[in-house]
Amino acid sequence: MATPQVKIGNMENAPDWYGTPLDKIHFEWSQEEELMLQRWCEKIAKNCEEEEMTPMERYHATFEMKPKDRLHIEVKYNVPYGVRSLDSWADAIKPGDCYKRPKLHIMAHLATAARFKLDIINIYVIHYTEECWGADGRMIDYGTPQMVGDPPIKTMEDIESVAVPDPKLHSLYPGYLWAAKEIKRIMKKYGIADKLPVELSFCGDPLGTVHLGMTGFGQGVVMMRKNQELFKACMEKAAAFQIAFGKACKECEPDGMYLCTYMGAFPPKVKDVDNTWITDIMAKVGREVKGHLGQDLPLWHTGGADGFDKWMPLYYEHGAMGTGSFDGMWFGDYLDHKEVFNYFRERDLYCAFSINDHAVLDADFATIEELLKLRCDEAKKHPKHACAIGVLDYWTPQPVFEKTMEMAKKLSKF
Amino acid sequence: MSKEELLNKLTDGMVEIEEDEVLELVDQAIEAGLQPMEIITEGLQPGLTIIGEGFDKHTRFTSDLILAGELLNDVMEKLRPIMVKGAGGTGDNMVIGTVEGDEHSVGKRVVTAMFTGAGYNVIDIGENQPASAFVNAAKENDAKIVGASAILGPQKPYCKVIHDAMVEAGIRDNLLFVIGGWGMTQEWCDNVCADAYGDTAKEAIEKVRKIQAGEIPRWNKR
């Protein structure tokens with residue numbers, strides 16, 4: 001069999017630095033941009049002084065199970081919402097602009113953290129390997145890059161012939177890593193690196209990478225049912241990329257890291273198909289990345305699919321959650337929050353459970369308050385548990401998010 | 001097997017997402033003289049509804065929705081050759097797609113099935129489609145209706161891009177532009193210059209018929 005080759009397709013609308021290795025990427029800041037960075041950092045520093053503890057102190061207290069003034073608040077605002085902070089809600093600068101221009105990406109995060117007094121900067125990924133396994137891709141205005149044409153992996157020969165891309169060399173990943181490193185440098189320069197934590201993501205999980213970069217959703221789900229051998233081979237290779245990406249993130253000096261998963265999109269067993277082996281793959285990703293990061297750096301999952309409760313026990317039993325692996329999970333509003341908090345409380349794992357995104361989008365403050373209170377009351381029962389808001393819809397009015405944050409801070413106080 | 005038994009088996013087969021069984025039953029239904037609209041709305045649609053309700057109750061999974069959509073697609077391939085003008089529809093061509101940046105397909109497939117069952121000839125251009133794809137398909141097929149699905153928040157404004165592209169291409173006045181997806185509202189419909197939106201496929205069909213009958217104004221007459 002021939003040696004597998006890296007197969008990066010053509011990326012339509014790619015930025016000029018696309019494909020430049022990380023060690024060769026460099027962007028200069030203009031005087032005006034530098035002033036903006038400074039002012040945002042100054043505002044963040046001021047925000048951090050408003051409460052008893054800084055966000056960083058509170059973040060560490062959460063994972064180290066030490067006393068704190070209130071719950072840490074995780075918000076999945078992501079780049080699309082971050083862009084809103086840059087152009088006064090004009091819908092002028094597009095999310096895609098931030099994916100193409102790492103400096104804009106940094107600015108979006110700092111501006112949003114300054115504006116909304118966030119507890120954390122969450123640097124979500126800009127890409128899911130759409131053109132990294134043999135297909136072409138296209139960068140668009142309002143979303144992450146899209147695969148163009150047919151998904152590339154249909155046979156064992158397809159998957160066996162493609163090599164795992166290197167996040168420090170290929171596609172848009174060097175740009176993401178540069179932005180992650182650079183934001184830390186800026187924060188250190190302006191004295192807030194020890195005040196506000198930064199979390200990096202290394203998403204998609206192997207399943208997401210398989211569906212978005214290799215097989216497509218429909219064919220991928222059919223493959224899972226009808227061609228387990230090929231599905232497994234795809235998952236193994238996707239896991240290898242996730243591990244490489246996760247390890248590469250360490251050099252950006254994050255304060256924490258997370259991997260999204262949409263396990264829960266299908267059950268562990270479907271008629272005569274047993275997919276529980278996937279938890280062994282997730283355990284491998286967790287152990288390898290956590291081992292590289294070190295035990296002091298929080299590493300957790302974000303759950304993106306209903307049905308994850310069927311996988312939860314398996315994750316724990318197979319070592320995909322717990323000591324030496326993923327430290328816990330952030331959940332979207334899909335399951336029963338009490339059951340979830342209880343499960344993670346019993347196992348001493350990190351947990352955050354979001355409120356309903358629709359309520360925030362609709363500015364339904366009565367519901368927002370009710371949901372926050374219910375979740376905060378549960379989260380307060382264990383020192384490793386946190387409050388959560390997100391994922392913020394692109395059209396959530398800024399005053400609504402602002403008020404939601406204020407409510408969350410009030411309700412999360414001990 | 002009676003018609004009722006056949007339709008019930010179709011429903012059950014869809015609920016269990018038994019591809020081979022459903023496709024075989026569709027063949028039997030066609031042979032027995034059932035109309036495509038009956039097969040879809042009285043056989044398959046109830047099964048889809050059960051899956052959807054199960055998903056809302058957390059007893060069914062995203063994979064079930066995707067597989068059901070794939071199966072519905074396969075069924076439509078079987079039914080398309082025998083679709084005839086009728087069932088209250090006009091036989092008009094309709095182009096439908098999910099907008100650029102959005103990969104969701106299940107809802108669109110349900111809408112495709114319903115409009116097909118209602119007598120429209122629906123051309124599904126797929127997911128993540130740029131405005132040019134909508135325009136080209138509308139032109140090639142002399143479409144009287146263009147449907148755009150946009151579920152993801154940031155992608156909703158793209159419906160306006162599609163409208164603008166159709167205006168520029170000189171075809172907007174000759175067709176109805178219908179949008180759908182989670183969170184679509186009348187306000188969104190107005191903002192993106194769509195003629196109608198539907199919370200459900202059935203609602204979308206009703207609105208299209210009413211606009212075509214002059215009972216509801218088009219976007220530029222509101």
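Give the residue that is farthest from B:Phe115 (Cα to Cα), with candidates limited to residues of segment B:28-70 that are within 14 Å of chain A (Cβ to nearest Cβ) and among the acidic types (Asp, Glu). Filtering segment B:28-70 for residues that are within 14 Å of chain A (Cβ to nearest Cβ) and among the acidic types (Asp, Glu), the one farthest from B:Phe115 (Cα to Cα) comes out as B:Asp56. With a requirement of 2 or more residues that are surrounded by 23 or more Cβ atoms within 10 Å (Cβ to Cβ), within 14 Å of chain B (Cβ to nearest Cβ) and not charged (D, E, K, R), the strands (runs of 3 or more DSSP E) lying completely within segment A:92-181 that satisfy it span A:146-148. Among the candidates B:Ile145, B:Ile125, the residue that is of a type in the set (Val, Ile, Thr), surrounded by fewer than 24 Cβ atoms within 10 Å (Cβ to Cβ), over 29 Å from A:Leu392 (Cβ atoms) and at pLDDT 85 or above is uniquely B:Ile125. Taking interchain pairs and intrachain pairs at least six residues apart, which have beta carbon atoms under 9 angstrom, with the first residue in segment A:348-361 and within 14 Å of chain B (Cβ to nearest Cβ) and charged (D, E, K, R) and the second assigned to a loop (DSSP other than H, G, I, E, B) and surrounded by 24 or more Cβ atoms within 10 Å (Cβ to Cβ)? Qualifying pairs under 9 Å: A:Asp357/A:Leu392. What do you reckon, is A:Ser354 among the hydroxyl-bearing types (Ser, Thr, Tyr), farther than 29 Å from A:Thr279 by Cβ and crowded, with 19+ Cβ neighbours inside 10 Å? It is false that A:Ser354 is among the hydroxyl-bearing types (Ser, Thr, Tyr), farther than 29 Å from A:Thr279 by Cβ and crowded, with 19+ Cβ neighbours inside 10 Å. Considering the conditions (1) closer than 23 Å to A:Thr20 by Cβ; (2) surrounded by 24 or more Cβ atoms within 10 Å (Cβ to Cβ); (3) not aromatic (Phe, Trp, Tyr), A:Met214 is excluded by exactly one of them, (1). You will find that of A:Ala45, A:Ala14, the residue that is in a helix (DSSP H, G or I) and either small (Gly, Ala, Ser) or on the phi > 0 side of the Ramachandran plot (or both) is A:Ala45 and no other. Among the residues of segment A:50-91, just one is assigned to a loop (DSSP other than H, G, I, E, B) and of a type in the set (Val, Ile, Thr), namely A:Thr54. Note on segment B:115-165: residues that are basic (Lys, Arg), touching a strand residue (DSSP E or B) at 6+ places or on another chain (Cβ under 9 Å) and farther than 18 Å from B:Met184 by Cβ amount to 1. Checking each residue in segment A:21-49 for being under 12 Å from A:Leu196 (Cβ atoms) and of a type in the set (Gly, Ala, Ser) picks out only A:Ala45.
In segment A:323-330 there is at least one residue matching the filter, namely being more than 14 Å from chain B (Cβ to nearest Cβ), more than 19 Å from the chain's Cα centre (by Cα), under 20 Å from A:Phe202 (Cα atoms) and not basic (Lys, Arg).
Note on segment A:190-244: residues that are in contact with a strand residue (DSSP E or B) (Cβ under 9 Å, 6 or more places away or on another chain), among the aliphatic types (A, V, I, L, M) and under 30 Å from A:Tyr59 (Cα atoms) amount to 4.
Note on segment A:275-306: among residues that are within 14 Å of chain B (Cβ to nearest Cβ) and more than 26 Å from A:Pro55 (Cα to Cα), the one that is surrounded by the most Cβ atoms within 10 Å (Cβ to Cβ) is A:Ile278. Which of the residues belonging to segment A:183-220 are assigned to a loop (DSSP other than H, G, I, E, B) and either away from chain B (no Cβ under 12 Å) or out of contact with any Pro (no Cβ under 8 Å at 6 or more places or on another chain) (or both)? The answer is A:Tyr190, A:Gly191, A:Ile192, A:Ala193, A:Asp194, A:Lys195, A:Leu196, A:Pro197, A:Phe202, A:Cys203, A:Gly204, A:Asp205. For the criterion of being crowded, with 18+ Cβ neighbours inside 10 Å, not in a helix (DSSP H, G or I) and not polar (S, T, N, Q), B:Leu7 fails. Which one is farthest from the other protein chains (Cβ to nearest Cβ) among residues in segment A:372-397 that are within 23 Å of the chain's Cα centre (by Cα) and part of a helix (DSSP H, G or I)? If we take residues in segment A:372-397 being within 23 Å of the chain's Cα centre (by Cα) and part of a helix (DSSP H, G or I), then A:Cys376 is farthest from the other protein chains (Cβ to nearest Cβ).
All told, A:Asp309 meets the bar of being surrounded by fewer than 18 Cβ atoms within 10 Å (Cβ to Cβ) and within 14 Å of another protein chain (Cβ to nearest Cβ).
I'd like to know if segment A:221-232 contains one or more residues that are more than 14 Å from chain B (Cβ to nearest Cβ), under 16 Å from A:Val164 (Cβ atoms) and either at pLDDT below 95 or in a helix (DSSP H, G or I) (or both). Among the residues of segment A:221-232, at least one is more than 14 Å from chain B (Cβ to nearest Cβ), under 16 Å from A:Val164 (Cβ atoms) and either at pLDDT below 95 or in a helix (DSSP H, G or I) (or both), which makes the answer yes.
The values are calculated or read from the model by the stated rules, or taken from the named source; none is laboratory data. What you see is a predicted model, and the numbers here were worked out from it, not measured in a lab. Quick reminder, even Gly has a Cβ in these numbers, built from the backbone with ideal geometry, and neighbours come from all protein chains shown.
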